[in-house]
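S.K.: Here it is: the structure, laid out below.
The values are calculated or read from the model by the stated rules, or taken from the named source; none is laboratory data. Remember, predicted model here, so these are calculated numbers, not experimental data. Neighbour counts run over all protein chains shown; Cβ positions are idealised from the backbone, glycine included. Only protein heavy atoms, including side chains, enter the accessible area calculation; ligands, DNA and RNA are left aside. Shrake-Rupley method; radii C 1.70, N 1.55, O 1.52, S 1.80 Å.
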Amino acid sequence: MFKMVTVFFLIILLSLNLRSTEYISHKTVRINSGDTLKTNLMASGRYVEVMGYVDADVFAGCEKTIIEGKVSDDVLSGCRELDIRGEVGDMVVGFGQTVLIDGKVGGDVIAFCGELRITDRAHIGGNLVLG
């Protein structure tokens, strides 16, 4: 019985999508256009800018987060301003003063902010929750 349970947990563990995480703290954290980051990005600083491609989640704690490139999964940001001008594959969770959606969000947008702006170019594939 112990061997069967062990094999079961090993199968589950190997089937999970395990990714490493890149931790960056600087005044400006930037993923340049043409760059690809294949790990989760956990960033802190004054500005976090994603102009390239992040093939995982973005976690940002800063004054301003700008997504102009592509994030394949979620964006979770606690900042004064969050600007989504590019593409996010799944969910956006934003805590801050201003949240701007001017791009494509494949999943839900959960915004806890003082001001939410959604432009004509915006596309939200899931639900919009505003707090």
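S.K.: Please count how many residues of region 69-86 are more than 17 Å from residue 109 (Cβ to Cβ) and of a type outside the set (Gly, Ala, Ser).
M.R.: Qualifying residue count, region 69-86: 1.
S.K.: Working only within region 28-58, note down all residues that are open to solvent by 50 Å² or more (accessible area, probe 1.4 Å) and more than 18 Å from residue 82 (Cβ to Cβ).
M.R.: Passing the criteria: 32, 33, 34, 35, 36, 38, 53.
S.K.: Considering only region 66-81, state which residues are of a type in the set (S, T, N, Q) and modelled with pLDDT under 95.
M.R.: Within region 66-81, 77 is the sole residue that qualifies.
S.K.: Where the second residue is at pLDDT 90 or above and open to solvent by 100 Å² or more (accessible area, probe 1.4 Å) and the first is on the phi > 0 side of the Ramachandran plot and lies in region 15-37, which pairs have Cβ atoms under 6 Å and are six or more apart or on separate chains?
M.R.: Here the result reads none, with nothing in region 15-37 linked to a residue that is at pLDDT 90 or above and open to solvent by 100 Å² or more (accessible area, probe 1.4 Å).
Conditions tested, residue by residue: (1) under 24 Å from residue 55 (Cβ atoms); (2) modelled with pLDDT under 95; (3) surrounded by fewer than 14 Cβ atoms within 10 Å (Cβ to Cβ); (4) more than 13 Å from the chain's Cα centre (by Cα).
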{"site": "92", "(1), (2), (3), (4)": "yes, no, no, no"}
{"site": "103", "(1), (2), (3), (4)": "yes, no, no, yes"}
{"site": "114", "(1), (2), (3), (4)": "no, yes, yes, yes"}
{"site": "124", "(1), (2), (3), (4)": "yes, no, no, yes"}
{"site": "131", "(1), (2), (3), (4)": "no, yes, yes, yes"}
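S.K.: While we're on this one: Which of the following residues is touching a Leu at 6+ places or on another chain (Cβ under 6 Å) and among the aliphatic types (A, V, I, L, M): 88, 105, 58, 92?
M.R.: After ruling out the rest, the residue left standing is 58.
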